[in-house]
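The structure appears below as structure tokens.
The values are calculated or read from the model by the stated rules, or taken from the named source; none is laboratory data. Every value quoted in this text rests on a predicted model; they were computed, and no experiment measured them. Cβ sites come from the backbone with ideal geometry, for glycine too, and all protein chains shown count toward neighbours. Accessible surface areas use protein heavy atoms only, side chains included; no ligands, DNA or RNA. Shrake-Rupley method; radii C 1.70, N 1.55, O 1.52, S 1.80 Å.
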Amino acid sequence: MTNEVLAVIAGETITTSDFDAYVENLPQEQKAYLANPQAKQHFIDQMITMRLFAKLGEDEKLNESDEYKRIMEEAQREVLAQIAVREVVKDLTVSEEEIKSYYEGHKDQFTKAGTVTAKHILTDTEEKCQDIKAEIEDGTKSFEDAAKEYSTCPSGAQGGSLGEFGKGQMVKEFEDAAFEAEIGTITGPVKTQFGYHLVKVESRTESSLLPLEEVKEKIEGQLLQQKRNEVYQKKIAELKEKYM
């Protein structure tokens, strides 16, 4: 790839390599826009504008002012500190054994909770609920048609469908009934704070442990960050002892 000239400012050539270096300092969310040619041109124009004002600052000798010197000193300290921190943690790694040990000791973190897919019919009285159940069981109406006709829950319009849900998403009485019900049968009336429910469970997935390979990268990142924090805090204590 050729190093294309983008602009010449007071005899100084600005190239695509200069732009690449400029892009490196942009926030990650802004870099995502670079795939768009118009956005890329915007950033090129922005860089050139910055160089123009920098040249103006040189001509007006602003780089000799006390403010400039103070800002540059602070900027040098920040950059030096960032490089020093990077050096302190650069050789840290996480072994396969550490990853496996963490996985074995924290399986609860990597267990996918069970879910239920269910429909329900909500009524305001137990008697009404029992009558509807009888209609469904003797074949007078399907569960879905009964939900559309009788349910006071907005889900009635969809045949009572609540979709898929996990534990902690429904009130306890309803949740217990749904997770204990036999698939395809009608359970209820189930009393909750909302009224009386008939519940029909269509499918259920049991809780399952995610395989190590699926969560390995996440564990490695978590352990690496933990090691970095520990080394960082230890080094701060050492530096305080040494310099303060």
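For residues that are open to solvent by less than 60 Å² (accessible area, probe 1.4 Å) and touching a residue at least 40 places away in the same chain (Cβ under 8 Å), tally how many sit in the range 91-105.
Matching residues across the range 91-105 total 5.
Within the range 184-239, how many residues turn out to be of a type in the set (Ser, Thr, Tyr) and either surrounded by 13 or more Cβ atoms within 10 Å (Cβ to Cβ) or out of contact with any strand residue (DSSP E or B) (no Cβ under 7 Å at 6 or more places or on another chain) (or both)?
Total meeting the criteria: 6.
Which of the residues that make up the range 193-209 are in a strand (DSSP E or B) and more than 21 Å from Glu144 (Cα to Cα)?
The answer is Thr205, Ser208, Leu209.
Any residue that is surrounded by 13 or more Cβ atoms within 10 Å (Cβ to Cβ) and farther than 30 Å from Ala54 by Cβ - is there at least one of those in the range 77-90?
Checking the range 77-90: at least one residue is surrounded by 13 or more Cβ atoms within 10 Å (Cβ to Cβ) and farther than 30 Å from Ala54 by Cβ.
Please specify each residue of the range 67-123 satisfying the condition of being under 27 Å from the mean Cα position of the chain (by Cα), farther than 30 Å from Thr152 by Cβ and polar (S, T, N, Q).
Correct list: Gln82, Thr93, Ser95, Ser101, Gln109, Thr111.
Please name all residue pairs, on different chains or six or more residues apart, with Cβ atoms under 8 Å, provided the first residue is in the range 36-65 and is open to solvent by 50 Å² or more (accessible area, probe 1.4 Å) and the second residue is assigned to a loop (DSSP other than H, G, I, E, B).
What qualifies is Lys55/Ala10.
Among the residues of the range 28-39, is any under 30 Å from Lys218 (Cα atoms) and among the charged types (D, E, K, R)?
Scanning the range 28-39, I find at least one residue that is under 30 Å from Lys218 (Cα atoms) and among the charged types (D, E, K, R), so the answer is yes.
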